[in-house]
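The structure appears right after this line, and notes come after that.
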Amino acid sequence: MRNRPTAGRARLALAVAVVLGGGALTALPAQAAPAADGLTVQYRTSASGATADQTEPWFKVRNTGSSTVQLSQVRIRYYFKADSSNASYRFACSWAARGCAGVTGTFGTLSTPTASADRYLEVGFTAAAGALAPGADTGDLQLRFHRSDWQPLRQSDDYSFDGARTSYGDWDKVTAQLAGATVWGTAPEGIDPTDPTDPPGAGQTLFDDFDYGSHTDPALSAHGWSVRSNSGGPGVPGATWDPSKVTFVSAGGNSVMNLETSTAGTGATTTQTEVLTKSMKFRNGTYAARVKFSDAPKSGPDGDHLVQTFFTINDLKAPMADDYAEYDFEYLPNGGWGEPSNILYTTSWETYDPDPWQAVNQHSEQRSSYAGWHDLVVTIDDDAIAYYVDGQPFGTHGAQYLPERPMSINFNQWLIDLNGQTSTVPRAYDQQVDYVLHVKDQVLTPAEVAAKVAGYRAAGTGFVDEVPAS
């Protein structure tokens, strides 16, 4: 893959440059406050040492009020002291009585640090976690977090930690909020846990369920998307990009976006498809999409050197410019770029020169079939780029490839060349996209991605864009 073309080369000059613009902003629907506001949080730890590889706060939340509580309105905060000012942390749910898919964990920074706390872990719930009747509790929430670099962390100076608590008991050094109001616990030195102490911009989200009527649906453009029609690369010389081949169909009860690419063996008969955000405003954080790759055409003979993608990218301002960035999932069902058969690449780009061709990138690959639906996640923080497929790590790429400018979010399907299949019989291939999610400046696990998407769908939210223009 070292000398291969890539999904973004000529496209950036011709496609992205002509579609910069803003997306519509849509707020999540407000939820009414519950009639009762009584909660108790019990705590124990299964990692009781003064230092540990990871902190393991386990919780049970009990409804002590008189009315049923929706867990999606509950937030728990566990306060701790960071080991250094630049330390970053990762959250995980080991097991939960109501299922880890219904549990989320994010980190925040206190605006007024104390000797025992300058950060907190905020544990939340999606709609999938259900409700608590009066007197009921959640059962075990077996949670943990660790430093991103897996260095040992010190717990003994953490406000909410108590190594002696190895069995559950009420613990008022964690706080609980219900519909935004604090109903349990005491924050360190009287800090109001309802203060907006999250880092600026943290958690701002783009989510789109791709519930549109057609490529001409006014909502598609209003929501910040462009369906490509201008000519140029990548792909077969002479091919066109046909907006009418981007359609929206039902699959598994959801509306999905379908990208069709077709050819009859010549450039003039080749049509390709691409959908991209009009705005380049996405940088660090989590990117996720559920994508259906195809190994075989829906009609006609097989064998074309097809590329099916999900990626982020910005424009190359000059050959070998060091502020270029691109992060790709690229599936080749029939090989290409010197590969004889199906292969999935993830590639992180620092820069390139199109003529003569030279590139600076890092890639990971798997030579096997990926036909069918797959959950694709890429996370970008200040240390690395991490790729996941179906919840499993696929590749981690180094800090030298981190983005220096914002990017667009893109999906496309195109042909590398016409060498894989020389027939002049028409054939057509489909790639489908169920949803796309970006969470600004937060690294989510694949399980947290699934929970967040499930929460939007349970709330009936098909689109939201909280990400500000860069």
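The values are calculated or read from the model by the stated rules, or taken from the named source; none is laboratory data. These figures come from a predicted structure and were not determined experimentally. Here the Cβ is made from the backbone with ideal geometry for all residues, glycine too, and neighbour counts use every protein chain on show. The protein model used for the area step is the full one, side chains on, heavy atoms only, and it has no ligands, DNA or RNA in it. Shrake-Rupley method; radii C 1.70, N 1.55, O 1.52, S 1.80 Å.
Of the strands (runs of 3 or more DSSP E) that lie entirely inside region 303-386, those containing 2 or more residues that are farther than 28 Å from L437 by Cβ span 343-354, 357-366. Restricting to region 167-203, and then to whatever is of a type in the set (S, T, Y) and at pLDDT below 85, can you tell me which residue is least open to solvent (accessible area, probe 1.4 Å)? It comes out as T197.
Screening F125 with (1) free of Cβ contacts under 8 Å to residues at least 60 places away in the same chain; (2) touching a helix residue (DSSP H, G or I) at 6+ places or on another chain (Cβ under 7 Å); (3) surrounded by fewer than 18 Cβ atoms within 10 Å (Cβ to Cβ) gives one miss only, at (3).
Which ones in region 281-313 are open to solvent by 10 Å² or more (accessible area, probe 1.4 Å), over 28 Å from the mean Cα position of the chain (by Cα) and acidic (D, E)? Residue satisfying the conditions is D302 alone. Consider V256 against the criteria (1) under 15 Å from Q431 (Cα atoms); (2) crowded, with 22+ Cβ neighbours inside 10 Å; (3) of a type in the set (A, V, I, L, M, F, W, C): it satisfies all of them except one. Which criterion is unmet? Just one mismatch for V256, condition (2). Take the residues in region 96-111 that are over 16 Å from the mean Cα position of the chain (by Cα) and among the polar types (S, T, N, Q), then tell me which one is surrounded by the most Cβ atoms within 10 Å (Cβ to Cβ). Taking the candidates together, the pick is T109.
Can you tell me which residues in region 374-384 are at pLDDT below 95 and either open to solvent by 40 Å² or more (accessible area, probe 1.4 Å) or under 13 Å from the mean Cα position of the chain (by Cα) (or both)? Before the answer, list the steps.
Of all residues in region 374-384, those at pLDDT below 95 come to 381-384.
If the condition is that a residue be at pLDDT below 95 and either open to solvent by 40 Å² or more (accessible area, probe 1.4 Å) or under 13 Å from the mean Cα position of the chain (by Cα) (or both), then D381, D382, D383 are the ones that fit.
Highlighted here are the strands (runs of 3 or more DSSP E) found entirely within region 53-166 that include at least 3 residues which are modelled with pLDDT under 90 and out of contact with any strand residue (DSSP E or B) (no Cβ under 6 Å at 6 or more places or on another chain): 103-114. The residues of region 421-460 that are on the phi < 0 side of the Ramachandran plot, surrounded by fewer than 19 Cβ atoms within 10 Å (Cβ to Cβ) and out of contact with any strand residue (DSSP E or B) (no Cβ under 7 Å at 6 or more places or on another chain), listed by number, are T422, S423, T424, V425, A454, R457, A458, A459.
I'm checking my understanding of the structure. Among residues of region 391-437 that are closer than 20 Å to S341 by Cα and charged (D, E, K, R), which one is farthest from the chain's Cα centre (by Cα)? Step by step, filter region 391-437, then rank; the result is R427.
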